[in-house]
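A short worksheet on the structure shown next.
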Amino acid sequence: MADIHNPQLDKVYSAQTVEQAEVAYDDWAEKYEADVFAFGFRLPAAAATIWARFVALDSGPILDAGCGTGLQSESLALAGYQPITGVDLSEGMLSVAAKKGIYSELRQMTLGKRLDFADAAFANTYSVGAITPGHAPANSFDELIRVTRVGGLIVFSLRVDEAQEPAYPAAVQALAAARRWRHEFETDDFATMPIGEPDVRSRVYVYRVL
């Protein structure tokens, strides 16, 4: 199946700076969900299923790191998970997310930089489709661990296809070797957007903060 060409996605992937990525997402915000659904986007549903398996409903405050338009957390909110705080680098995406009424707080922050939260501010953290080439850097995991309570879970996705950059899986393994977190579960790899980008494959991971 041929890829569906999308110029907005091209802008995101080609962004060389945080500022360029922010502009690309701002420009895409209003059409983002229509475009990714046209691609057959499966990642939010898969990640929410894994989250519900491992995270108790009353476990405490949740961080959605790289929340975008709120698409990633809609299923969690429908299931009754609250409160959810969302952060994203794009004001345009946050504006769309705010209209859904599922977040207790939405704030503009950039993954890969220090997050404006206290240590252990969240019981569990969710980051889906965000820490990946063209989006957020591999060092983003360090801050997710810092703001998540010891014993809490971080549920995240990573690409596993040939376009993945080695720095991302290497960062995950280095943090495990340093006993910052422990591997709990991972899915088999699956096509993230089988209609629009069939070569993009991901896994959803669960790590426990130590």
Item to check | Residue under evaluation residue 51, criteria (1) aromatic (Phe, Trp, Tyr); (2) at pLDDT 95 or above; (3) in a helix (DSSP H, G or I); (4) out of contact with any Phe, Trp or Tyr (no Cβ under 9 Å at 6 or more places or on another chain), criterion not met | outcome: (4)
Checklist entry - Identify, please: which residue in segment 131-148 is surrounded by 18 or more Cβ atoms within 10 Å (Cβ to Cβ) and in contact with an Asp or Glu (Cβ under 8 Å, 6 or more places away or on another chain) and is, among those, nearest to residue 64 (Cα to Cα)? => result 147
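Looking at residue 161, is it of a type in the set (Asp, Glu), more than 21 Å from residue 82 (Cα to Cα), touching a residue at least 40 places away in the same chain (Cβ under 8 Å) and in a loop (DSSP other than H, G, I, E, B)? Break it down into steps so the answer makes sense when it comes.
Numbers: of a type in the set (Asp, Glu): yes; more than 21 Å from residue 82 (Cα to Cα): yes; touching a residue at least 40 places away in the same chain (Cβ under 8 Å): yes; in a loop (DSSP other than H, G, I, E, B): yes.
Spelling it out, residue 161 is indeed of a type in the set (Asp, Glu), more than 21 Å from residue 82 (Cα to Cα), touching a residue at least 40 places away in the same chain (Cβ under 8 Å) and in a loop (DSSP other than H, G, I, E, B).
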Next on the checklist: Quick check on segment 133-149. Is at least one of its residues over 14 Å from residue 63 (Cα atoms) and either in contact with a strand residue (DSSP E or B) (Cβ under 7 Å, 6 or more places away or on another chain) or of a type in the set (A, V, I, L, M, F, W, C) (or both)?
Outcome noted: yes
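Every residue, every condition in (1) of a type in the set (Gly, Ala, Ser); (2) at pLDDT 95 or above; (3) more than 12 Å from residue 65 (Cα to Cα), yes or no:
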| position | (1), (2), (3) |
| --- | --- |
| 112 | yes, yes, no |
| 152 | yes, yes, yes |
| 157 | yes, yes, no |
| 162 | no, no, yes |
| 177 | yes, yes, yes |
Next on the checklist: If I go through segment 94-117 residue by residue, how many of them are part of a loop (DSSP other than H, G, I, E, B), at negative phi and not hydrophobic (A, V, I, L, M, F, W, C)?
Outcome noted: 7
Checklist entry - Which residues, counting only those in segment 49-81, are surrounded by fewer than 23 Cβ atoms within 10 Å (Cβ to Cβ) and under 12 Å from the mean Cα position of the chain (by Cα)? => result 71
Next on the checklist: Take the conditions touching a Phe, Trp or Tyr at 6+ places or on another chain (Cβ under 9 Å), surrounded by 14 or more Cβ atoms within 10 Å (Cβ to Cβ) and either modelled with pLDDT of 95 or more or not in a loop (DSSP other than H, G, I, E, B) (or both) and apply them to residue 120. Does it pass?
Outcome noted: no
Item to check | Output for segment 78-93, where each listed residue is out of contact with any Cys (no Cβ under 7 Å at 6 or more places or on another chain) and either farther than 14 Å from residue 63 by Cα or assigned to a strand (DSSP E or B) (or both) | outcome: 78, 79, 80, 84, 85, 89, 90, 91, 92, 93
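The values are calculated or read from the model by the stated rules, or taken from the named source; none is laboratory data. Predicted model only: the values in this text are computed from it and were never measured. We place every Cβ from the backbone using ideal geometry, glycine too, and count neighbours over all the protein chains shown.
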